[in-house]
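Student: One structure, as structure tokens, below. Some questions next.
Just so it is clear, none of the values below were taken in a lab; they were calculated from the coordinates. It should be emphasised that the depicted structure is a prediction, and the values quoted were computed from it without experimental measurement. Neighbour counts are summed over all protein chains in view; Cβ atoms, including those assigned to glycine, are modelled from backbone coordinates with ideal geometry.
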Amino acid sequence: PAVVVVRAEAQHINPEIRKGEEKVVDTVLVPELSKPLTVYCRCWRSGTFPLCDGSHVKHNKATGDNVGPLLVKKQ
Ligand code: FES
């Protein structure tokens, strides 16, 4: 039987963006919003997708990835 070894890096959602940072989080300011803040998932692991539920923390810890959410804030 063949043995398949899957490296943790192969499971990275973010293969190359700002890999020197512990977690890549970006903020967009939008004046025309009714809610002051919405946090969107970019790790694809959230149980409340498209909203972030913090699952990126477990994903990053398990794989060594550094993906984080997108914050959309009312300006
Ligand atoms: Fe996916 Fe937070 S749960 S970025």
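Student: For a label point 7 Å from the Cα of V6 along Cα→C-beta, name the residues of region 33-75 whose backbone N is under 19 Å from it.
Tutor: 43-47, 55-67
Student: Right, next: Determine the calculated [θ] at 222 nm for the chain from helices alone, applying -39500 (n - 2.57) to every DSSP H run no shorter than 4 residues and normalising by the residue count; nearest 500 deg cm²/dmol.
Tutor: Computed ellipticity for the chain at 222 nm equals -3500 deg cm²/dmol.
Student: Give me S46, S34, S55 sorted ascending by neighbouring Cβ count inside 10 Å, so fewest comes first.
Tutor: With the fewest neighbours first, S46, S34, S55 line up as S34, S55, S46.
Student: Where does each of V57, V4, V30 land when they are ranked from fewest to most other beta-carbon atoms within 10 angstrom?
Tutor: Fewest-to-most Cβ neighbours within 10 Å comes out as V4, V30, V57.
Student: Can you list the residues of region 48-66 with backbone N under 15 Å from a point 7 Å past the Cα of K23, pointing along Cα to Cβ?
Tutor: 52-66
Student: Given H placed 1.01 Å from N in the peptide plane, which residues other than close sequence neighbours of G68 have an amide H under 5 Å from its amide H?
Tutor: V24
Student: What's the long-distance tail for region 8-74, i.e. % of Cα pairs beyond 15 Å?
Tutor: 52
Student: Using DSSP, restrict attention to beta bridges with both residues in the chain and report what percent are antiparallel, rounded to the nearest 5.
Tutor: Of those bridges, close to 45 percent are antiparallel.
Student: Continuing with the same structure: Mind listing the lone cysteines of the chain, meaning no other Cys beta-carbon sits under 4.7 Å from theirs?
Tutor: If one checks each Cβ against the other cysteines of the chain, C43 turn up with nothing under 4.7 Å.
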